[in-house]
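Since the structure comes first, as structure tokens, the remarks are kept for the end.
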Amino acid sequence: MREGQPHTIYLKDYTPPVYQVETLNLKFELGDEFTVVTSTAHYQRDPSHLGNTLLELDGEDLELISVQLDGRYLQVNQDYRLTPEGLQILTMPAQGSLEIVTRIYPQKNTALEGLYQSSGNFCTQCEAQGFRKITYYQDRPDVMTLFTTDIIAERAKYPVLLSNGNLVAAGELEEGKHWARWLDPYRKPAYLFALVAGHLKHVEDFYTTGSGRKVTLRIYTEPHNISKCEHAMQSLKRAMRWDEQRFGLEYDLDIYMIVAVDDFNMGAMENKGLNIFNSKLVFASPETATDQDYINIESVIGHEYFHNWTGNRITCRDWFQLSLKEGLTVFRDQEFTADLHSPAVKRIEDVRMLRTFQFTEDASPMAHPIRPASYMEINNFYTMTVYEKGAEVVRLYQTLLGRAGFRQGMDLYFARHDGQAVTTEDFLAAMADANQADLKQLQRWYDQAGTPEVKVTMTYDATAQTCRLHCVQSIPATPESQHKQPQLIPLQVGLLRETGADLALYLEDQPCDGILQLTQAEQSFRFTQVPEQPVPSLLRNFSAPVRLVYPYTEAELIFLMKHDSDAFNRWDAGQRLAMRAFESLLLDLKQGIPLGLSHECVCAWQVVLTDENLDPALRAEALSLPSETDIAEQLRPADPAAIHQVREFVLTTLAKALRLDFEIIFYRLQHQGVYQIDAASMGKRRLKNVCLAYLGHLDDQAVPALCAEQYAQANNMTDALAALAVLVDIDCPERVAALQHFHDRWQHDPLVMDKWFALQASSSLPNTLQQVQQLLEHPLFDMRNPNKVRALIGSFALRNPWHFHAADGSGYAFLAERVLWLNERNPQVAARMVRPLINWRHYESGRAQLMRGQLERIQAHQGLSADVYEIVSKSLA
Ligand code: 0A1
Ligand code: ZN
């Protein structure tokens, strides 16, 4: 908990560590009430620091038992001092061995940071700064060392003892105890340390690397989940193969272990050789996991595996560089999924998420560059910006340099920096040097926050047969800076003829690949040999994370929806068309004009829906209109009730107008026989279930029956859940029966029950908040489990904007109360849960004041954690 105000840490204050650590031996004596940790580190002072003898070690919530230097016990205040931040060795020689013994209480650790227990087993989470809750140490990523770990525990309770690297010795001890020693041959920072001890079973497989080394692969779980690991194991093997093929990167240890735990603050963690995963991202079976779960598991297994090179072999110099490993690794996992499935679908999904959540963050009081210049609490910077915008910035290199050039840059990055802790500048330099390219201006993407806006206008000269695109870029003011410099923005474009075909592009008579490089605030590009007035297709494949503004007419958008050769832009034209419709409907609503959707609009979606040549997954994407959150962010100040009404109107209008098409497609795709998880089958299920969701908007007795039937017949969770999702929005007996049935069938499976909680929290029925409050008391709900909190409270606040933003402020008050409860126990999760309140300025004044009121209530609370304090105080500033 906070003592005084948390202070701000600045990138500009970085200084290299005075001492490096040659080796670190850790001994854990795991007990029922407490754990004793003995850490023995060999320190070596940097020769450039002659006079400095202070060694500062980080430590939090530790009970110090003893400190020895080269075998001599040190005296408090004479040889060392305890501070609020940790421990200072006052007279540290140029080199020496420090043995520190501490006592910690993992069983009482509700923050799930450091060493803690989940389902009675021990596990760790050390990123970013959890290691300091285990022992006194320089808990910073630029201190890398060789770890040896001894684990001692009662054999009956903890038969499995794991840590990073290779098992080198093990044995029995008295009183039913046993021990194991693990040695990691790679130097690593403390944040990559991991320990697991428990009653676990494992599945095992093998992978032979390109160079012929046989690697043992193991996934550890509690015994009852052992049958659900096959998909994760196959995903791991695919990831290992892909990284060899695409980037020439092989795995480097003899064993790769994954442990699934139920209580985890995030998705998963890339600890060297011993990944720890939220069980949600490991377990899958057709009956319990949706298609999306299958895809997420493959992608996160890939992500953590790819970290072995981008993160572990080359790590970050300091936490400001977090995007160095995260942006790059997200980019790599995106490419992995795209290569294995559909690149267009993957791109659309990633951009949808980026726009909904990262653009929103970039427009919030917490806006920060992908490489922030300051922070109070680093855990608050594991954000959509650092991860997803960071990945978009890595993608810029590939767009500018091509795949081959990007690969050369990666090769040089590994050749130069393997084994080091580096900065984003080092990455940029490797990319530039390997390609002899001047990429200096890309640096601004790392230093400036805010989503750039690119306004394009087009003029066509029929006589000269030229077409000019005039581009103006601007970046909104954000907390770190009011005045922004222009960024290097690759704008991929096409020009469409009346037939819908792409024109060959010539820029000032030179053939052009369609990638315009915007480098200035204003710039014009003149295309020559343009025989007719074209329709421009701009920002193809979303070539940069910007908001593109172009004065498209409705007819042009419909034309692009039909003809654009770029699948992403075909989809995006539909999204723009929908957003235009929402905008004018909101105006009509305000002015009391009866709502109506143009016939052309309806036909445009009909064409997409019924286009049998189009991949069903892409048809499903096109029919998934911008969410209420998207609309709120784009059409400010937002009135969530009006937005809900208008969006429901559009969905209902389309459902009525295209009912026959929805039904035909639904019934045609209804029964697919054996459940398969390939891209084609998933696409068909997706389209079918989108049709069902539209049909759900019809006020028709037949719909609940149809959903109930699909729910009852489903041989997989995707179809069952899709049917239930439609039912939860309809007040009918089928809803009650299906929810009860789902509960009774799955009450033994916490991950499946998360879906049950989430669905009810997302319901549009009027009493949803009361329902959510009742569910807090449900015997299977547990506020101490982050997955449960995200399922029930997160879904309500993020996936149910209409109820969360109830005009009486009840949704806000509910969230604030939960945040305060969490603040005492798990500050990281509390800080995540408070975020739906921070964009209060984007809402109409009544709601804005109510949201602000709840933020003030939280701010006034005594004992606010640094995590929550940072977000709340920045939001109110
Ligand atoms: N590095 C992990 C994510 C992660 C970050 C922080 C955590 O605890 C505060 C846990 C996991 C990844 O990118 O997958
Ligand atoms: Zn990561």
For the stretch 331-341, check the following and say yes or no: at least one residue is in a helix (DSSP H, G or I), within 11 Å of ligand 1 (Cβ to nearest atom) and modelled with pLDDT of 95 or more.
yes
Out of the residues in the stretch 311-330 meeting the condition of being part of a helix (DSSP H, G or I) and aliphatic (A, V, I, L, M), tell me which one is farthest from ligand 2 (Cβ to nearest atom).
Leu324
The stretch 525-573, residues that are assigned to a helix (DSSP H, G or I), surrounded by fewer than 22 Cβ atoms within 10 Å (Cβ to Cβ) and acidic (Asp, Glu)
Glu554, Glu556
Residue set Ala708, Ala693; condition more than 30 Å from Asp263 (Cβ to Cβ), in a helix (DSSP H, G or I) and more than 28 Å from the chain's Cα centre (by Cα); output residue Ala708
Has the stretch 410-420 got at least one residue that is at pLDDT 95 or above and more than 23 Å from Thr310 (Cβ to Cβ)?
no
Do the conditions hold for Ala430, that is, is it in contact with a Lys or Arg (Cβ under 7 Å, 6 or more places away or on another chain), in a helix (DSSP H, G or I) and at pLDDT 95 or above?
yes
Could you grab me the full set of residues in the stretch 244-267 that are part of a strand (DSSP E or B) and either at positive phi or away from ligand 1 (no atom under 13 Å from the Cβ) (or both)?
Ile255, Tyr256, Met257, Val259, Ala260
In the stretch 283-310, the residues that are in contact with a strand residue (DSSP E or B) (Cβ under 7 Å, 6 or more places away or on another chain) and within 16 Å of ligand 2 (Cβ to nearest atom):
Val300, Glu304
Can you work out which of the residues in the stretch 845-870 that are hydrophobic (A, V, I, L, M, F, W, C) and in a helix (DSSP H, G or I) is nearest to Gln129 (Cα to Cα)?
Ala866
What strands (runs of 3 or more DSSP E) lie completely within the stretch 100-215 and have 2 or more residues being of a type in the set (Asp, Glu)?
146-154, 201-208
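Condition check ((1) among the charged types (D, E, K, R); (2) buried (at least 17 other Cβ atoms within 10 Å of the Cβ); (3) within 20 Å of Lys389 (Cβ to Cβ); (4) under 30 Å from the mean Cα position of the chain (by Cα)) across all residues:
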position: Gln436; (1), (2), (3), (4): no, no, no, no
position: Gln441; (1), (2), (3), (4): no, no, yes, yes
position: Gln465; (1), (2), (3), (4): no, no, no, no
position: Lys484; (1), (2), (3), (4): yes, yes, yes, yes
position: Arg497; (1), (2), (3), (4): yes, no, no, no
position: Gly500; (1), (2), (3), (4): no, no, no, no
position: Leu503; (1), (2), (3), (4): no, no, no, no
position: Gln510; (1), (2), (3), (4): no, no, no, no
Checking Leu354, Leu324 in turn, the sole residue that is closer than 20 Å to Glu633 by Cβ and either at pLDDT 95 or above or charged (D, E, K, R) (or both) turns out to be Leu354
Verdict on Leu195 being under 27 Å from the mean Cα position of the chain (by Cα) and within 30 Å of Asp318 (Cβ to Cβ):
yes
Would you pick out the residues in the stretch 213-251 that are under 24 Å from the mean Cα position of the chain (by Cα) and within 19 Å of Asp291 (Cα to Cα)?
Lys228, Cys229, Glu230, His231, Ala232, Met233, Gln234, Ser235, Leu236, Arg238, Ala239
Wholly inside the stretch 584-687, helices (runs of 4 or more DSSP H) that include 3 or more residues that are of a type in the set (Phe, Trp, Tyr) and in contact (Cβ under 8 Å) with a residue 24 or more places away in the chain are none
Filter the stretch 269-310 down to the residues that are in a strand (DSSP E or B) and touching a residue at least 24 places away in the same chain (Cβ under 8 Å), then identify the one that is farthest from ligand 1 (Cβ to nearest atom).
Leu274
Determine the pairs where a residue that is surrounded by 22 or more Cβ atoms within 10 Å (Cβ to Cβ), located within the stretch 118-143, has a partner that is basic (Lys, Arg) with Cβ atoms under 7 Å apart, the partner being 6 or more residues away or on another chain.
Asp139/Arg132; Pro141/Arg317
Neighbours by Cβ (under 8 Å, 6+ apart or cross-chain): first from the stretch 748-762, within 11 Å of Val772 (Cβ to Cβ); second part of a loop (DSSP other than H, G, I, E, B) and β-branched (Val, Ile, Thr)
Gln760/Val728; Ser762/Val728
Residues within the stretch 396-416 that are buried (at least 19 other Cβ atoms within 10 Å of the Cβ) and either of a type in the set (A, V, I, L, M) or closer than 21 Å to Phe320 by Cβ (or both), tallied:
6
Could you tell me which numbered condition Phe357 fails, if it satisfies all but one of (1) touching a residue at least 40 places away in the same chain (Cβ under 8 Å); (2) within 24 Å of Glu127 (Cα to Cα); (3) crowded, with 18+ Cβ neighbours inside 10 Å?
(1)
In the set Ile664, Ile631, Ile643, which member is over 26 Å from the mean Cα position of the chain (by Cα) and under 17 Å from Thr360 (Cβ atoms)?
Ile643
Subset of the stretch 369-385, residues aliphatic (A, V, I, L, M) and surrounded by 24 or more Cβ atoms within 10 Å (Cβ to Cβ), comes to Ile370
For the stretch 382-397, which positions are basic (Lys, Arg) and within 15 Å of ligand 2 (Cβ to nearest atom)?
Lys389
Pairs with Cβ under 7 Å, 6+ apart, first in the stretch 324-348 and free of Cβ contacts under 8 Å to residues at least 24 places away in the same chain and farther than 20 Å from Asp572 by Cβ, second in a helix (DSSP H, G or I) and within 16 Å of ligand 2 (Cβ to nearest atom)
none
From Leu249, Leu200, grab the single residue that is touching a Pro at 6+ places or on another chain (Cβ under 9 Å) and among the hydrophobic types (A, V, I, L, M, F, W, C).
Leu200
If I go through the stretch 256-314 residue by residue, how many of them are of a type in the set (Phe, Trp, Tyr) and either in contact with a Gly (Cβ under 7 Å, 6 or more places away or on another chain) or closer than 23 Å to Asn379 by Cβ (or both)?
4
Screening Gly494, Gly450 for residues that are on the phi > 0 side of the Ramachandran plot and in contact with an Asp or Glu (Cβ under 6 Å, 6 or more places away or on another chain) leaves only Gly450
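The values are calculated or read from the model by the stated rules, or taken from the named source; none is laboratory data. Computed from a prediction, not measured in an experiment: that's the story for all the values here. When we count neighbours, we look across all protein chains shown, and the Cβ atoms used for this are built from the backbone with ideal geometry, even at glycine.
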